[in-house]
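First up is the structure itself, then whatever we jot down about it.
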């Protein structure tokens, strides 16, 4: 009979890990929805890794300002009640 | 505590997962990110984004006002744009329950009159119209509001 390969526990997502991921995801999503529209738009573009050059054109802001706006918007996200719970 | 010590990059990664779980970004926008294409080059690709929805349609532009016609199996939707103002009509209008203006980052309800017509200011962005007709969703192709 073939030998059954052993699982490496470190590679298997345990239920509690998944529940924790869901909780983080839910809180981050709730915080995201409290942000200003401009921040939501920028962070959504950054989340799918749109290059700064293109973000600059899409949101009509200088390319040199994107990193600063990114930082401000993420700081705003951290300050929301939902995300503050997990940081 | 979960998430403790998350830096900006990690927080953005968590946000990307949250967006993917709750409001997935259109595949075409992801391709845009990966390939760094210009927005205008996306029009054709975005027009193909119809997975799981009830309506599709070819785009036709005319002289004067830009006119887009979207054909679904049960309805025709016409979008006319002139000087930044859009007028949407649905034929036949019977059963039209609601209309929404959808962009990559938002979804806003539109007022519809008894004739199934709605008006709105064209956003400077990609947008499309989602109509609820009876129990069916009619979703137009994407339109680039910056170039109409």
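Only a single criterion out of (1) buried (at least 18 other Cβ atoms within 10 Å of the Cβ); (2) more than 15 Å from the chain's Cα centre (by Cα); (3) assigned to a strand (DSSP E or B) is not satisfied by residue B:112, namely (3). Count of the stretch B:99-141 residues, restricted to those that are within 14 Å of chain A (Cβ to nearest Cβ) and at pLDDT 80 or above, is 10. Scanning the stretch B:115-143 for residues that are under 28 Å from residue A:60 (Cα atoms) and either touching a helix residue (DSSP H, G or I) at 6+ places or on another chain (Cβ under 6 Å) or assigned to a loop (DSSP other than H, G, I, E, B) (or both) yields B:122, B:123, B:124, B:125, B:127, B:140, B:141, B:142.
Residue B:71 meets the conditions (1) over 30 Å from residue A:47 (Cα atoms); (2) at pLDDT 80 or above in every case but one. The failed one is (2).
The values are calculated or read from the model by the stated rules, or taken from the named source; none is laboratory data. Remember, it's a predicted structure, so these values are computed and weren't measured experimentally. Positions of Cβ are generated from backbone atoms using ideal geometry, with glycine treated the same way; all protein chains shown enter the neighbour counts.
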